[in-house]
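Worksheet for the structure shown next.
Values quoted throughout were computed directly from the atomic coordinates according to the rules given, and no laboratory measurement underlies them. The model shown is predicted, which means the values in this text are computed figures rather than measured ones. Please note: Cβ atoms are built from the backbone with ideal geometry, for glycine as well, and neighbour counts cover all protein chains shown.
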Ligand SMILES: Cc1ncc(C[n+]2csc(CCOP(=O)(O)OP(=O)(O)O)c2C)c(N)n1
Ligand SMILES: Cc1ncc(C[n+]2csc(CCOP(=O)(O)OP(=O)(O)O)c2C)c(N)n1
Ligand SMILES: [Mg+2]
Ligand SMILES: [Mg+2]
């Protein structure tokens, strides 16, 4: 798709705020003006998205069995996370996750068994490998964003060509850290791509109580860089918009803010009960947006993959998760002495 | 001017970002489409602006003589401050200053001798009278903004009809507090008018290093309420834009952000030396914008006031400052026991 | 005391909020998810429905919550803000230390701020980073703030009512581990008794254990073990008020026993235990000619998962310290 | 020691920054007005011109300064950030306590943060609110942070060089009142001596005055007066390192004299003086059978203007406390 010349941020800004969309909920392409998405993208993306679902499922059931602590699924947000991460190169680029972007962490190079080890409290086994340019999950909402701006800034100061891809949620956009990070990134013109995963909720708080802004992506103009809202359940649109933002950042064009409009199909985390604050009918309706179903419909509809082939992938990723779990469980649990290690350099 | 129906925020948003201007640097009206500004506004405004100049001059010289501590003049920003404050009613509305908006504090009901007492460390004499709805100067940049949002929110919750007028500087817009206050004000739809006094500098930092945004007023859209940039040296434009924002807030229409584009003609404060970081030529050029000279040119040019009449006002305000200073100096300096008072209720 | 009868500490908090709102319609609640959901711990459950227009879900911004509470108070209301977890008060620390704590002083009484900030804190629930942090020492170092930490439902109710009635800001620290694990009666008359002092939770002549919040219960368990297994009778003093501290009562109870151990979940260095020891040293240097031991978290960040069991002051560590102090006698 | 010869403390800071940048091109400076202006105190004067592209004026946002410094370090640089006044570190407190102090621990060493945060603090200059605040007690309660406070140009140089070389975060507290009022030599070899302990600034057998930062000089003046007017010989111990504290040296010097007064500008309650006293009480309870007095600011907000003279620990108050401690002997 690299040959496409449309400036997506400009196209979006010229419109009425509706998120850009290439792939419709029914799995049909809605932009005849665009070339067909590359098939290799489809394959890699679908596998990652199905792996993510298998992981969500396994971790949720492990929690129910009391074998794993709090878990925050990414269910329903897979296209937003996978589509954007597929636009960067883990070999040169940095990943700064918020907390539920598991498929991005995996593709960036954190082995699945290590990721599971972290959820199982095997903290030393869970250590991010030295060559993997990725920050750990952030428990303090939005606090990772100034770090992302700083990493991207360092890249610019040192004249390296890496781009920093950072994620945050719709709730995170209300924190001062979001603002200070965006403004600094703008002034310094750093190679940062910020993907705001607007899944409509911050725990129980709907985005309508989070801000009166019609679209969060409008914030970008207040920082002097491009912003664009995209259908977060449309893998192709998310990928293309991110690809262009990464290209701009790499070329020295500074930051871009991408709002991926999606829906948190599941609970906030395993201790949350959405029925206390949202309507089942809303969830049912949102279910129709399901990014995995949408991509599957496209793949099968366009005759690119058979249902059987997809079943095979699903079986493979389930096995992958099971195997990684066994490995993770084989790692030693930390002893009390770990409390005193890694406070300062020894 | 109340009969004017133009929506200034909409007009500005439709344009190229240039601040709205009614009165040109030469003192001529540049908007033939608009009715002539009311003459009573001119008289009251000019007196306040001249009083502000007299105060700046006196306090600066007192500091030079070592008789008064740090002082931050408002020199060059008088139209932005006076024009906006003249749009609210101190009897019902709240004033939340940043720190150098002396003429607004005076018009809001803080007696001149009390204001001088505060600068002279006569802290008890300086106490804001109970009936004056005004916060004290804020030494922590942008920290007053969530307070302003909260006051306006309380007004809405209690169903009162007061509007809150808050000020902050261009530097303050980079703080997380600015963001959190604006976003909260938007979500709650509170009657807040925020005037950002963009005087081009935060101490030595030019606004170009403060943000990459072309205009700070563009931030408003990211909070879901109107924003408008206005020539801050044009008393009439500042007043009219603020008047309309206050009217909207009073009618339950929520917050407005007004960026008053002006210039800090003087030093940051009496301990600052601008020659270390800005060009005399820049200051000279900016001097041509001088809001007082501009208003005087209009008044005399339009034959509304004679130069002699203006000299009379200048003499009067100088005398007013001198008299208030004598009074302020007559108030007792605080004794050490004051350190222990007013920490908690007794 | 953590018996089966009575209400939970969480219910006591909820009842105090509900009664305060019923008694004074200037009282409003705000915070993240405190509305429809009723808070992540359900402390405000039912209040959104019961008091329409007086319970507000805020955006995700602690500085905005504390900062706007200041404005709400100036505007004539009595805000009770929830910070979802005390650890996140650091996001709002500038509003707490520079603004909330200082407006009365700054304005010579022109403005005073009847603001209550509630926040769950403390360990034992296997929570992620920041959620279990104990920041009381930092808060006690902030002039102009009152800091209160109940350990029983009765105090949770009466001290929260008192905090909301207080014309000045109060930080109300709720021990989250005790929310559902501790039960007890509510104050008979439903009001507070105006006693703002420390409370002796268990008598005992040999030794004084000083603590507050969640670790009061660890101390009580340790005291029981000390009595049964070692015939050492330890009194347990629950400070309740962390700022200002009830120094008079502290000195009195310590002087009566001459052996003291201070217990808290916050880290040791510059922890509030240091203030307790310093206060005792100055007042009782010649009476308490014994080491006053501090059983606290070590000077390391709060660890994840099960490691907290080794990190927190445990019954075992308290017993060990108590025996050391007694043996030295 | 605050003699006429040598460089000012401000010049020592500037020289340390300049030498560190010359020795290691990963070192970058950032902060409000640190560039063209050279900082409001001129601590970075000339560096913007001398090291193009390595000195950055930031937007007015402390959280962004600390937070981006964390990222700069992760990205391979060695940031030295200036917070214009320590009081405003509270705007960034969440980034300091939750992030800067914990990344090494959180990531089991995958990330460590060679970040130095410089901040002027302390009273005596008739500054507005917040500008003079002393927050060291709160910082010493944060695990994962090192806190350093020089009182002399030599330390300002060598300890700042050491802080910048440190692979972990260091809070470097610069006593603004001393910037131009204290002069002294720079370390001979221009490097630090690797001694991370407390230092005895004045000998004396009768009494130990313990302090750090600006009040070290008030203690020295008090010690001189005590000797001349009262024939009391007071030693002055300059802690230099506020977290972790050099407990060994502290105990040793206190044990040698058995009479101790702790002096600091921060408020009394939960101040760092309490940690000093608690540390001494536990180690020397039977040696120091005397009250250890704390001469500090009272538990009230920092007052405006001249009132600070009555608020700060003065030579007079220190002398008075010293005499009380000695008389009791
Ligand atoms: C600073 C801070 N405040 C509050 C919390 C508690 N909390 C955890 S997740 C969350 C909601 C986050 O919402 P959003 O940013 O939209 O991310 P999402 O959970 O939807 O992925 C909150 C309030 C926190 N972890 N950090
Ligand atoms: C939180 C905070 N950080 C830093 C400072 C130091 N400081 C005082 S004024 C100022 C610049 C303010 O600039 P601006 O907001 O544009 O207001 P102006 O001075 O131009 O009126 C700074 C950085 C402060 N007072 N508060
Ligand atoms: Mg969300
Ligand atoms: Mg400015």
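Brief remarks on what is shown
- Gyration tensor verdict on segment A:232-316 (Cα atoms; rounded if a/c is under 1.5, prolate if a/b is larger than b/c, oblate otherwise): oblate
- Cβ-to-Cβ counts within 10 Å put A:167, B:201, B:331 in ascending order as B:331, B:201, A:167, the fewest first.
- Using only the C-alpha atoms, the convex hull of segment A:39-159 corresponds to 113 Å³ per residue.
- Partner shielding of D:33-40 amounts to 5, given as the average count of beta-carbon atoms from other chains within 10 Å of each residue beta-carbon.
- Dimensionless Rg over Rh [segment D:164-303; C-alpha; Kirkwood]: 0.97
- A point 7 Å from Cα along Cα→Cβ stands in for residue D:289, and the other copies hold the same point at 0.2 nm, listed in rising order.
- Shape of segment D:7-190, Cα gyration tensor, a/c cut at 1.5: rounded
- Take each residue in A:151-160, count the other chain C-beta atoms within 10 Å of its C-beta, and the mean is 6.
- The mean count of C-beta atoms from other chains within 10 Å of the C-beta of residues in C:303-311, rounded to a whole number, is 6.
- Normalised contact order of chain A, rounded percent, pairs of Cα under 8 Å and 6 or more residues apart: 26 percent
- Ranked list, fewest to most other Cβ atoms within 10 Å of each Cβ, for B:94, B:8: B:8, B:94
- At 1.306 mPa s and 10 °C, Stokes diffusion of chain A via Kirkwood alpha-carbon radius, µm² per second: 77 µm²/s
- Taking each DSSP H run with n ≥ 4 as -39500 (n - 2.57) and averaging over every residue of the protein assembly as shown yields -11500 deg cm²/dmol at 222 nm.
- A crude spin-label estimate for the pair residue C:196 and residue B:308, with each label 7 Å from Cα along the Cβ direction, gives 6.6 nm.
- Contact order normalised by residue count of segment C:199-328, Cα under 8 Å, 6+ apart, percent: 28 percent
- Against the compact-protein benchmark of 2.2 N^0.38 Å, the Cα-based radius of gyration of chain D scales to 0.98.
- Residue and distance for the chain B Cβ closest to the axis that moves B onto A, in whole Å, come to B:176, 1.
- Of all DSSP bridge pairs formed entirely within segment D:199-328, close to 20 percent run antiparallel.
- Gyration tensor verdict on segment D:1-80 (Cα atoms; rounded if a/c is under 1.5, prolate if a/b is larger than b/c, oblate otherwise): prolate
- Cubic angstrom per residue, convex hull over Cα atoms of the protein assembly as shown: 169 Å³
- Treating r as the C-beta distance of residue C:289 and residue C:181 and R0 as 56 Å, the FRET efficiency rounds to 0.90.
- Each copy carries a label point for residue C:306 at 7 Å from Cα toward Cβ; from one copy, the others' points are 6.7 nm away, ordered from shortest.
- Fraction of antiparallel bridges per DSSP, the protein assembly as shown only, in percent to nearest 5: 15 percent
- Per-peptide average of other Cβ atoms within 10 Å, ordering D:200-210, A:279-289, D:8-18 highest first: D:8-18, D:200-210, A:279-289
- By the count of neighbouring beta-carbon atoms within 10 Å, fewest first, A:141, B:310 end up ordered B:310, A:141.
- Within segment C:142-183: backbone nitrogen closer than 12 Å to the residue A:271 label point (7 Å, Cα to C-beta): C:176-180
- At an R0 of 56 angstrom, the distance between the Cβ atoms of residue A:36 and residue B:300 translates into a FRET efficiency of 0.20.
- With the convex hull drawn around the C-alpha atoms of segment C:45-108, the volume per residue stands at 90 Å³.
- Here the relative contact order of chain D, from alpha carbon pairs under 8 Å that lie six or more residues apart, stands at 16 percent.
- Only beta bridges with both residues in chain B are counted; by DSSP, about 10 percent of them are antiparallel.
- Across identical copies of the chain, residue D:23 has label-point separations of 6.3 nm, listed in ascending order, with the point defined 7 angstrom from Cα along Cα→Cβ.
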